[in-house]
1. What about TRP51, is it within 14 Å of LEU15 (Cβ to Cβ), at pLDDT 95 or above, touching a Gly at 6+ places or on another chain (Cβ under 9 Å) and hydrophobic (A, V, I, L, M, F, W, C)?
2. Would you be able to say whether some residue in region 11-34 is touching a Leu at 6+ places or on another chain (Cβ under 8 Å) and part of a loop (DSSP other than H, G, I, E, B)?
3. Looking only at residues in region 2-29 that are closer than 22 Å to MET115 by Cβ and of a type in the set (Val, Ile, Thr), which one is surrounded by the fewest Cβ atoms within 10 Å (Cβ to Cβ)?
Amino acid sequence: MAFDPTTLKYDANGLIPCIAQAEDTGEVLMMAWMNADAVAKTLETKRVTYWSRSRQAFWIKGETSGHTQELIDLRIDCDRDCLLAVVRQTGAACHTNRRVCFYTSVMTGDEVELMAPLAE
């Protein structure tokens, strides 16, 4: 059966969350938003394309930073309302120049930074 991006469950703004996971380590790298066109572009080009809510425009991960995400697999969750992009990450995934966006722990009641930015 052919996949149709319009069959996914998007929010009221036409967006669906997409979690990026490193194919080699299984690390959760980041979460960003896609619309149906971003999903289609990602599948077509194998370069992960998100929808920027602040700029109201597409952004291809790494287009300006060089920190690219090559699509290895795109998976749909059981409710069809969230995506998992298994990617080959080059460089930092986070705009703070960290490997991952989830670098702050709050388990102790304090914010604890788990990793520093990557060396330039």
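The values are calculated or read from the model by the stated rules, or taken from the named source; none is laboratory data. On a predicted model such as this, the values are computed, not experimentally measured, just so you know. Here the Cβ positions follow ideal geometry from the backbone for every residue, glycine too, while neighbour counts run over all protein chains shown.
1. Yes, satisfied.
2. no
3. Top of the filtered list is THR25.
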